[in-house]
Amino acid sequence: MVHRTLAIVLFSLSSSVVAQPTVKPGTADSVDMSAVVLRAGAELYANAVKRDDIRGAVILVARRGRIVFHEAYGWRDEAKTVPMRKDTLFRMASNTKPVIATAVLQLIEAGKLGLDDPVKKYIPSFDNEKSSGITIRHLLTHTSGFRIDSLFLKPLMAKSKEHPDAPNLRLEAARFGGVGPVEKPGTSYSYSNPGFNTLGALIEIASGMPLERYLHERIYQPLGMKDSCNFEPRADNSRMSAVFRREGDVWRVGWRPGGPPTVPFVRASGGMVSTAMDYAVFCQMFLNGGTYGGKRLLSEASV
């Protein structure tokens with residue numbers, strides 16, 4: 001069992017949503033919510049921490065762009081000496097994927113990728129009988145037919161005269177083309193980390209930029225997500241939460257701040273580091289139909 005201390009961001013849509021709100025503090029009453037119910041719900045998490053069912057949580061609830069609840073519970077270290085804070089940084093795991101999908105859609109809007117383009121158009125290793133039918137749409141919707149059960153093929157590529165910068169995202173994603181799908185693309189759903197890592201490689205190819213730089217310049221910076229990045233060593237590790245794994249009745253640390261990254265390069269299936277507040281801003285951009293703070297990141301059609 002894996003337990004990451006939690007960053008919980010809850011949003012509510014309503015027909016009376018204020019046009020293009022930004023995320024700001026507010027009161028429950030002002031957006032037709034109950035402060036009593038919110039506190040009761042949060043108490044479930046506080047009690048879970050007391051029972052040691054979870055080690056910690058940050059909860060942020062917003063409606064119509066107004067933050068009506070934002071609190072931290074528990075601990076972010078194994079010794080229970082470092083309290084969780086509202087600005088704690090988390091390894092966001094697969095919450096990375098909506099950010100990657102946003103980047104892909106931006107490049108589609110810019111005409112640098114096509115939603116129904118075959119991946120082989122950009123990554124030659126996909127140009128074979130098995131993989132030639134996989135499209136960008138398939139990767140986005142987890143219908144590529146891939147059944148690879150790890151982030152990347154193991155072992156990762158070693159440095160060589162031909163590939164002195166190995167391992168890296170583009171080289172590792174290219175290996176998926178040789179493996180190919182197990183099911184015909186577009187006919188079945190199976191959650192695919194390799195599929196999204198392939199999308200990360202496509203972002204680099206289409207933009208001509210490293211994935212991390214693209215996400216920073218085209219998503220995080222315009223949204224003011226100053227605490228977000230995509231590689232643990234570049235995050236403020238003094239504010240990071242550990243990652244806990246439960247073995248029987250005992251919590252063990254699977255990763256602690258300052259430790260080596262899970263993968264030695266920026267990936268797209270996971271790897272984002274962020275706070276509840278930063279991710280709330282990202283979510284609000286979608287609720288606003290693709291804009292935030294007067295800046296449009298996506299068209300309404302893409303959203």
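The values are calculated or read from the model by the stated rules, or taken from the named source; none is laboratory data. Computed from a predicted structure; not experimentally measured. Cβ atoms come from the backbone with ideal geometry, glycine included; neighbour counts cover every protein chain shown. Surface areas here come from the heavy atoms of the whole protein model, side chains and all, with no ligands, DNA or RNA. Shrake-Rupley method; radii C 1.70, N 1.55, O 1.52, S 1.80 Å.
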Any hit, the stretch 128-136, residues being part of a loop (DSSP other than H, G, I, E, B) and either hydrophobic (A, V, I, L, M, F, W, C) or within 17 Å of the chain's Cα centre (by Cα) (or both): yes
Matching residues, the stretch 242-294, being of a type in the set (D, E, K, R), surrounded by fewer than 20 Cβ atoms within 10 Å (Cβ to Cβ), assigned to a loop (DSSP other than H, G, I, E, B) and out of contact with any Asp or Glu (no Cβ under 8 Å at 6 or more places or on another chain): D249
Test result for T81, open to solvent by less than 30 Å² (accessible area, probe 1.4 Å), among the β-branched types (V, I, T) and either in contact with a His (Cβ under 6 Å, 6 or more places away or on another chain) or at pLDDT 95 or above (or both): no
Flag for R66 being at negative phi, in contact with a helix residue (DSSP H, G or I) (Cβ under 6 Å, 6 or more places away or on another chain) and open to solvent by 10 Å² or more (accessible area, probe 1.4 Å): yes
L10 part of a strand (DSSP E or B), of a type in the set (A, V, I, L, M, F, W, C) and at pLDDT below 95: yes
Selection from the stretch 52-63 of residues that are of a type in the set (D, E, K, R) and either under 15 Å from R245 (Cα atoms) or surrounded by fewer than 18 Cβ atoms within 10 Å (Cβ to Cβ) (or both): D52, D53, R55
Number of positions in the stretch 32-51 that are surrounded by 14 or more Cβ atoms within 10 Å (Cβ to Cβ) and in a loop (DSSP other than H, G, I, E, B): 1
Pairs with Cβ under 7 Å, 6+ apart, first in the stretch 277-303 and within 15 Å of V104 (Cα to Cα) and of a type in the set (V, I, T), second assigned to a helix (DSSP H, G or I) and open to solvent by 40 Å² or more (accessible area, probe 1.4 Å): V303/F286
Residue match in the stretch 74-89 (condition: of a type in the set (S, T, Y), out of contact with any Pro (no Cβ under 8 Å at 6 or more places or on another chain) and assigned to a helix (DSSP H, G or I)): no
Given (1) open to solvent by 10 Å² or more (accessible area, probe 1.4 Å); (2) farther than 13 Å from A268 by Cβ, index of the condition Y220 fails: (1)
Sole exception among (1) surrounded by 15 or more Cβ atoms within 10 Å (Cβ to Cβ); (2) within 20 Å of S131 (Cβ to Cβ); (3) of a type in the set (D, E, K, R); (4) out of contact with any helix residue (DSSP H, G or I) (no Cβ under 6 Å at 6 or more places or on another chain) for E212, by number: (2)
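Residue by residue, here is whether (1) crowded, with 20+ Cβ neighbours inside 10 Å; (2) without any contact (Cβ under 8 Å) to a residue 60 or more places away in the chain; (3) part of a helix (DSSP H, G or I) holds:
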{"site": "V99", "(1), (2), (3)": "yes, no, yes"}
{"site": "V104", "(1), (2), (3)": "yes, no, yes"}
{"site": "D116", "(1), (2), (3)": "no, yes, no"}
{"site": "H138", "(1), (2), (3)": "yes, yes, yes"}
{"site": "D149", "(1), (2), (3)": "no, yes, no"}
{"site": "P164", "(1), (2), (3)": "no, yes, no"}
{"site": "G186", "(1), (2), (3)": "no, yes, no"}
{"site": "G200", "(1), (2), (3)": "yes, no, yes"}
{"site": "A206", "(1), (2), (3)": "yes, no, yes"}
For Y122: the one exception among (1) of a type in the set (F, W, Y); (2) closer than 21 Å to F176 by Cβ; (3) open to solvent by less than 20 Å² (accessible area, probe 1.4 Å): (3)
Hey, N230 in contact with a Gly (Cβ under 6 Å, 6 or more places away or on another chain), surrounded by fewer than 20 Cβ atoms within 10 Å (Cβ to Cβ) and over 19 Å from A57 (Cβ atoms) or not: no
Residue within the stretch 56-69 that is modelled with pLDDT of 95 or more and part of a loop (DSSP other than H, G, I, E, B) present: yes
Condition broken by T88, with the remaining ones in (1) open to solvent by less than 30 Å² (accessible area, probe 1.4 Å); (2) polar (S, T, N, Q); (3) out of contact with any Ser or Thr (no Cβ under 9 Å at 6 or more places or on another chain) satisfied: (3)
